[in-house]
Amino acid sequence: MTATTAAGPTVKTAPKPKLKTSAMIASFADPGQKTTPAPFGHALVKAAQENEKIVGLTADLGKYTDMHIFAKAFPERFFQMGMAEQLLFGAAAGMAQTGVVPFASTYSVFAARRAYDFLCLDAAEPNLNVNIVGGLPGLTTGYGPSHQATEDMAIFRGMPNLTIVDPCDSVDIEQAVPQLAASEGPTYLRLLRGNVPTVLDEYDYTFELGKAKVLRGGNDVVFVSSGLMTMRALQAAKELAAHNVDVAVVHTPTIKPFDAETVLGEINTDRLVVTLENHTVVGGLFETVAAAAARAGVAKRILPVALPDEFLHAGALPTLHERYGLSVDRIVAAVLGAL
Amino acid sequence: MTITETVRAPETASLQERVARVEAAAYRMRHHVLNMGEAQGQGYVGQALDAADVLAAVYADQLRYRAEDPEWEGRDRFLLSTGHYAIGHYAALAEAGIVPVDELETYGSDDSRLPMSGMSTYTPGMEISGGSLGHGLTIAVGTALGLRLQGSGARVFNFLSDGELDEGSTWEAAMGAHHHQLGNLTAIVDINALQADGKTDTVLRTEPVLDKWAACGWFVQRVDGNDVGALLAAFDSAAAKAEAEGKPSVILCDTKVGRGVPLLEDREKAHFMRIDEHEWQICREQLTAGYEARTASEGESK
């Protein structure tokens, strides 16, 4: 599916290259960046080769959530539920009750907004091993509010028993999938699909469910980030070095349960604390960190880099990331302004 | 401990014997319901009485289970979607020997295993947490898929109400069951024509119910849900159809709120029926009198 709505202002003379709303699932990889194709689909196949209980389901979005890789490898363990998200997750819960381990994919907006009641009561209350795979988390599509799950973590954080994972890149996803399958209760993965940037392989890093990791140290600023914003945080840290600002980056891919111990240990210093998330400023990483700090009596100012509390525009992803403050340039400017 | 498997009814039993067995179970279950209602002073007694014959047909005739081991892997699954019918389901679980009869008086009390709205995390033999209506059939589709995938011959029964036909998710599941050809799934719809805000046809018209299910590709039967002979025949036909065509089956059961207790059958129908303290004993006496009169006349006609 493609659309051709122009995003930027029309300039009559000396036309700039027109950025277009990209395909629904736009890549947020930078030009020339190292990427890995469909890391979730391949990781699920690998996990399923080792664990015969794993099954895959989708609600008419197999191709758009990389579930088609699994469907091709294990056709008899793949279940197409049609464009029916309540059925998708109710059925996933029913399957889990019989002892199989379902991974059920759709877009995050539909999982969080449309099927919440089914996930909450059918999967989370009985603490079943239902793994929700949500595509297009936060601002990863230019299609506007119908597809942009800018508040998915805010919605899901209130659900007891649910583990929430916001992976940075293909490394996170590949390592997370088997751990999600092995963990007992329900999980929600903020899926990055297609050609997903590969970033964390350059760091001494492994994904551990429930753990935050310090990716780099720094004396002036501490970034606490999750999801694709960890990639941006690492890029911004490099640029800030040119401004003689030394930045540490703490990656917190598990949003719930939150590794408050590691994060509080890092923010309880004289450094400027910045949270970075691909999510509305309401109810996501910023508020998770702020609540953990307040509860522990850590009185720190925390600067949020997050999406605003509003319905976002349609347009091209680079335009929108720049507009709403997720781009590296905007991060660097925000930090320099706050120091 | 000896593990006994309750297989539907003995294969040698005649239909007449099966009917008598189910009717006797339904009678005892209705007494359990009245006793629970009295102990709590309230409850969804009207619905439990209307559904007692259906629940008795399931537990005393259809379901394979082990009372001593409610989690037995090979069991048939009975999924109660209508959480508020739990009072009727507890009566069935007591009749089945899964919940002790003595425990029924704790219904709805603090720390009881028998909450007002049925939950799988509280009660042995309760497969799902119902109550948010429109969930049961979606879960049942997954249960049936999961069992089939793992080569189990167990069957899945989902009990839902006509009110739940208002919920779009029920129809998502109806289409899904047909698409996946779930012959191991039987839906049972209690059509008591009553919802929280009044009569079903004034709240949201669901008729023609039979045509809707048929259009979704199900094998549909509509019976008097308080006629045990008709119910058992419908279950038999459903099983035969599933065997032959691999289609999901639905049995639409027209039932009467308060069934078996004339005082309640004639009372103005309400989702939450008011019963005064002195009336419980009258209800029990009417129930017993009606059952005895019916079995006596059946004995004479033999």
(request) For region A:210-338, report the translational diffusion coefficient in µm²/s to the nearest whole number, using Stokes-Einstein at 20 °C, 1.002 mPa s, and a Kirkwood Rh over Cα pairs. (result) 147
(message) List the lysines whose Cα sits under 20 Å from the Cα of A:LYS238, skipping any in the same chain fewer than 8 residues away.
(response) A:LYS34, A:LYS213
(message) If I take the Cα coordinates of region B:196-242 and project them onto the principal axes, what are the three extents in Å, biggest first?
(response) 37, 26, 13
(request) Let me know the shape class of region B:10-96, please: from the alpha-carbon gyration tensor, a ≥ b ≥ c as square roots of the eigenvalues, rounded when a/c is under 1.5, otherwise prolate if a/b is greater than b/c, or oblate. (result) oblate
(request) Would you list the P(r) distribution for chain A, with all Cα-Cα distances sorted into 10 Å bins from 0 and each bin expressed as a whole %? (result) 6, 27, 35, 23, 9, 1, 0
(request) Extending each Cα 7 Å along its Cβ direction at B:HIS278 and B:ASP166, get the distance between those two points in nm, one decimal. (result) 3.6
(request) Write down the Kirkwood hydrodynamic radius of region B:254-302, to one decimal in angstroms, obtained as one divided by the mean of 1/r over all alpha carbon pairs. (result) 12.1
(message) With an 8 Å Cα cut-off and a minimum separation of 6 or more residues, compute the relative contact order for region A:210-338 in percent.
(response) 27
(request) Within 10 Å of each residue's Cβ, count the other Cβ atoms and sort B:CYS283, B:CYS253 from fewest upward. (result) B:CYS283, B:CYS253
(request) Calculate the tail of P(r) for region B:126-175: the fraction of all Cα-Cα distances greater than 12 Å, expressed in %. (result) 62
(message) Tell me the relative contact order for region A:46-191 as a rounded percent, counting alpha carbon contacts under 8 Å between residues six or more apart.
(response) 23
(request) Figure the gain on full extension for A:ARG323 and A:ASP270 (residue separation times 0.36 nm, minus the Cα-Cα span) and round it to one decimal in nm. (result) 16.1 nm
(request) Once you have a ≥ b ≥ c as the square roots of the Cα gyration tensor eigenvalues for region B:76-129, tell me rounded if a/c is under 1.5, and otherwise prolate or oblate according to whether a/b is larger than b/c. (result) oblate
(message) Averaged over its residues, how many other protein chain Cβ atoms are within 10 Å of peptide B:129-139's Cβ atoms?
(response) 6
(request) List the longest stretch of chain B that has no exposed loop site; here a site is one of the GluC sites (Glu not before Pro) assigned by DSSP to anything other than H, G, I, E or B, with at most 14 other Cβ within 10 Å. (result) B:74-267
(request) Restrict the search to region A:125-212; then list the trypsin sites (Lys or Arg not before Pro) that DSSP places in a loop and that have at most 15 other Cβ atoms within 10 Å of their Cβ. (result) A:LYS211
(message) Give me the percent relative contact order of chain B, please, defined on Cα pairs under 8 angstrom at least 6 residues apart.
(response) 20
(message) Quick check on the protein assembly as shown: helices-only [θ] at 222 nm, where DSSP H runs of length 4 and up contribute -39,500 (n - 2.57) each and the sum goes over total residues. Nearest 500, please.
(response) -11500 deg cm²/dmol
(request) Assign one of three labels to region A:35-197, namely rounded, prolate or oblate, based on the Cα gyration tensor with a ≥ b ≥ c the square roots of its eigenvalues; rounded applies when a/c is under 1.5, prolate when it is not and a/b is larger than b/c, and oblate otherwise. (result) rounded
(message) What are the extents of the Cα atoms of chain B along their three principal axes, in Å, largest first?
(response) 52, 49, 47
(request) Please work out the Cα convex hull volume for region A:167-271 and give it in Å³ per residue. (result) 91
(message) Which lysines, if any, have their Cα less than 18 Å from the Cα of A:LYS211, not counting same-chain residues under 8 positions apart?
(response) A:LYS256
(request) Report the calculated FRET efficiency for B:VAL101 and B:GLU245 (r = Cβ-Cβ distance, R0 = 56 Å), to the nearest 0.05. (result) 0.90
(request) Give B:LYS212/B:LYS241; A:LYS20/A:LYS72; A:LYS53/B:LYS247; B:LYS199/B:LYS256; A:LYS46/A:LYS72 a once-over and call out the pairs whose C-alpha atoms are over 22 Å from each other. (result) A:LYS20/A:LYS72; A:LYS53/B:LYS247
(request) Find the Rg to Rh ratio for region A:149-202, where Rh is the Kirkwood radius over alpha-carbon pairs and Rg uses the same atoms. (result) 1.00
(request) Return the loop-located chymotrypsin sites (Phe, Trp or Tyr not before Pro) in region A:254-317 (DSSP other than H, G, I, E, B) with at most 15 other Cβ atoms within 10 Å of their own Cβ; answer none if there are none. (result) A:PHE311
(request) Using only alpha carbons, build the gyration tensor for region A:204-248 and give me the equivalent ellipsoid semi-axes, biggest first, whole Å. (result) 20, 11, 8
(request) Please state, to two decimals, what the Cα-based radius of gyration of the protein assembly as shown comes to when divided by 2.2 N^0.38 Å (N = residues). (result) 1.12
(request) Work out the length of the dipole vector of chain A about its Cα centre, built from +1 on the beta-carbon of each Lys and Arg and -1 on the beta-carbon of each Asp and Glu, and round it to the nearest 20 debye. (result) 860
(message) At a 10 Å Cβ-Cβ cut-off, how would you order A:ASP220, B:ASP110, fewest neighbours first?
(response) B:ASP110, A:ASP220
(request) Name the longest site-free stretch of chain A, where the excluded sites are GluC sites (Glu not before Pro) in a DSSP loop with no more than 13 other beta-carbon atoms within 10 Å. (result) A:53-183
(message) Neighbour counts of other C-beta atoms within 10 Å: give me A:LEU88, B:LEU104 arranged from fewest to most.
(response) B:LEU104, A:LEU88
(message) Run the simple label-point estimate for A:LYS72 and A:SER183 please: 7 Å along Cα→C-beta, distance reported in nm.
(response) 2.9
(request) Sticking with the crude label model, points 7 Å out along Cα→Cβ, report the distance from B:ALA39 to B:ALA293 in nm, one decimal please. (result) 3.0
(request) Let me know the mean shielding of B:173-184 by other chains, meaning the per-residue number of their Cβ atoms within 10 Å of its Cβ. (result) 3
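Here, each number is a calculation from the coordinates, and none is a lab measurement. Keep in mind that this is a model prediction, so the values were computed, not measured. Cβ coordinates were reconstructed from backbone atoms using ideal geometry, including for glycine residues, and neighbour counts include every protein chain displayed.
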